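Here's the structure we're looking at; comments come further down.
Quick note: the coordinates plus some simple rules give every number you see, no bench work behind them. Quick caveat: nothing in here was measured; it's all calculated off a predicted structure. Here the Cβ positions follow ideal geometry from the backbone for every residue, glycine too, while neighbour counts run over all protein chains shown.
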Amino acid sequence: MKLLRMIGVGALLHTKQLSRSPFEIATALIVPVVQATLAVYLFRAGGEPGRLLEAAVGAGLMGVWSSVLFGSGGAIQNQRWQGTLEMIMLAPRPPALMILPITLATAVTGTYAMLATLLWGRLLYGVPLDFAHPLLFLLAVPGCVLGLGMFGLLLAATFVLMRNANALTNTLEYPIWLVSGMLVPLTVLPGWTGPIAAALPTTWGARAVHEAASGGPVWPSLGICLAISLGCLITGALMMTYVERRARAAATLALA
Amino acid sequence: MSEYAIEAAGLRRTYRSRTGWLRPQRREVEAVRGVDLTVGNGELFGLLGPNGAGKTTTIKLLNTLLIPTAGTARICGHDVVTETREVRRRIGYVFGGDRGLYERLSARDNLRYFAELYGVPGREQKRRIAELLELVRLDGRENERVEGYSRGMRQRLHIARGLLHRPKVLFLDEPSIGVDPVAARELRQTVADLAATGTTVLLTTHYMAEADELCDRIAVIASGTIQALGTPAELRRHADGRQVLEVEAYGVTDAQLATIHTLPGVREASVTVAGAAQVLTVQSDAGVDVQADVLRALDGVRLGRVSARQPTLEDAYVAIVNRVAAPSRPLEAVTA
């Protein structure tokens, strides 16, 4: 109970800290509009105007992923810049518990990206918000967000070790959302991407959300997403303990 | 309970870094080169030294943020490498400067977050936070965002954060850096109060007056090793047999300072800038009157007040640090 409260309070306060950043606010205002526009025009140009909701949901998922990826990488780097990374690592708790609230907070702010993208899609382009399973959609999105938050912990483990974590985040953004089928169906991608896609929680999370929006069995995809994410959480937690020790040996917790 | 709050034996730390890809250069910096010290329970211990002497690295080795390259350290009897969590339960860490806080959160939110991290029981949190806000005189401003705080207020919030879980040992790394004199005096009072209640404090500072006023014992560290250790009175004896001449001047050149260094009886000479003026401080043997020679060496320089005085702790500190043999050779470039 104490642990859950700590994670809850941590995620809440990190969300508060993130949502007050002028950069985050500007990004949150602009990016969903851009992504909604791109997705809608992409599908219109492809002669599939009937799948505009799918396009908007896909664009929203890209927003959630970007938020988790840049949030996890950026948050660790921000903690380092702020001088708070050392302070949280000094707490007498397993290091993963110090980082999980941060990645969850980035996933929560990512949820906003999904909502904003759908809203802009509706307001600017008249995307019909006719969800096949509206209630399941409301469940699939937080489920996917939670899964990505846990995946974020695994990413964050590597970022703790790297002083220039930003470089890694930049190279991971597009390949992951492409391979996960967030916007483009997996069937149009080369066959060798299949196993990679199957191993990523982002693929199953995106599939669950798409199925909730356009129709299909949501539960299996959501279940697989959460199962893989749980695996990421456990691996991330173990890695974080190892990485924290490495970081103390290599002196990378602080900027200098 | 261990006899000592802090024990370090043969503590060493080498930083290794690598730059470049095609022809990588590996660098090694030996920041701490064998520190031995013990600090008793409830003692207020000072660690003095110039920039780059190894003060912060020593603190980070003791508070588990860094792993020693060699040697051992124990806090309240617990090893800093193998019993990390036990050590962390017992320590608080406060460092100087603007960083280390969540700027866009209020002081209360900052404290609430760290109270959770440090395992302060939920039912006790509210009372403890209120108590600490009052202690550091931030009550009434606790709901404002930290980004609007002055440096002194941030520093006080750092202290409150460091005390949330009632640590037995508190590490204060240059807490008064950049803080105005009034705030620094308040800070000293807070530190003295803490020590009076039995908290062991390890303080690093550049300010001699601060160390002199607060510390039971002081270690002077330079080039990664402890050069002198004792009570302020004991350390002052390192300047015994000396007298100090201070000259306010405008435009002392390096060549003139070098000449003063070579005068008979002169042990140390340094120039510090105070506003528009320079203050030339010359330490000499007590039996030798160097004033006339010094003034002659300053021929052509506009002079202000000239005064002679007894050595202070600061003079002793300068004497100890300057006595450190040959300049340190921290950098050793090795081509891979």
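So the values come out like this:
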read-out	value
Span from the the range A:197-256 Cα centroid across to the the range B:69-132 one, whole angstrom	29 Å
Listed residues B:ASP173, B:ASP254, B:ASP193, most fluctuating in chain B (Gaussian network, C-alpha, under 10 Å)	B:ASP254
Sites B:VAL273 and A:THR235 - FRET efficiency at Förster radius 56 Å, r taken between beta-carbons, to 0.05	0.50
Centre separation in Å (Cα based) which lies between the range A:1-56 and the range A:67-121	14 Å
Alpha-carbon centroid distance for the pair the range B:138-164 / the range B:202-237, whole angstrom	28 Å
Value of relative contact order over the range B:241-310, rounded to a whole percent, pairs C-alpha under 8 Å and six or more apart	49 percent
Crossing angle, helix B:107-117 versus chain B [Cα axis fit, 0-90 degrees, rounded to tens]	70 degrees
The protein assembly as shown - mean residue ellipticity at 222 nm from DSSP helices (-39,500 (n - 2.57) per run, n ≥ 4, rounded to 500)	-17500 deg cm²/dmol
Two-site label geometry, A:LEU3 and B:HIS261: point separation in nm, points 7 Å out along Cα→Cβ	6.2 nm
Average partner coverage of A:91-98, which counts Cβ from other chains inside 10 Å	4
Chymotrypsin sites (Phe, Trp or Tyr not before Pro) within the range A:101-200, DSSP loop, no more than 16 other Cβ atoms inside 10 Å	A:TRP192
Dipole-positive endmost among B:LEU203, B:LEU62, B:GLN243 within chain B (Cβ charges, Cα centre)	B:LEU62
Crossing angle, helix B:181-196 versus chain B [Cα axis fit, 0-90 degrees, rounded to tens]	60 degrees
FRET efficiency for B:GLN125 and B:ARG296, using Cβ-Cβ distance with R0 set to 60 Å, rounded to 0.05	0.35
In degrees, nearest ten, helix A:95-125 long axis to first principal axis of chain A (Cα)	20 degrees
Relative intensity, log₁₀ I(q)/I(0), of chain A from a Debye sum that treats every alpha carbon as a point, q = 0.08, 0.09, 0.14 Å⁻¹	-0.30, -0.39, -0.91
By average C-beta atoms within 10 angstrom, highest first, the peptides B:9-20, B:73-84, A:196-207	A:196-207, B:73-84, B:9-20
Size of charge dipole - the range B:159-264 - debye, nearest 20, with Cβ of Lys, Arg +1 and Asp, Glu -1, no other charges	440 debye
Student exercise, the range B:4-236 dipole from Lys, Arg, Asp, Glu Cβ charges, in Debye to nearest 20	880 debye
Calculated FRET value between B:ARG237 and B:ARG16, using beta carbons and R₀ = 35 Å, to 0.05	0.35
Amide H partners (placed H, <5 Å) of B:GLY49, local residues excluded	B:THR205, B:ILE221
Average partner coverage of A:5-16, which counts Cβ from other chains inside 10 Å	4
Dipole in debye (nearest 20) - the range B:241-310, about Cα centre, beta carbon charges: Lys, Arg +1; Asp, Glu -1	120 debye
Among A:GLY126, A:GLY236, A:GLY63, residue whose mean-square fluctuation peaks in a GNM of chain A (springs only between Cα atoms under 10 Å)	A:GLY126
Antiparallel DSSP beta bridges within chain B, percent to nearest 5	75 percent
Within the protein assembly as shown, percent of DSSP bridges classed antiparallel, to nearest 5	75 percent
Partner chain coverage, peptide B:116-126 - average Cβ within 10 angstrom	4
Surface/4 of the Cα convex hull for the range B:241-310, nm²	4.2 nm²
Under 11 Å, Cβ to Cβ, from B:ASP180 - net charge with Lys/Arg +1 and Asp/Glu -1	+1
Top of A:GLU211, A:GLU24, A:GLU54 by mean-square fluctuation, Gaussian network on chain A, Cα under 10 Å	A:GLU24
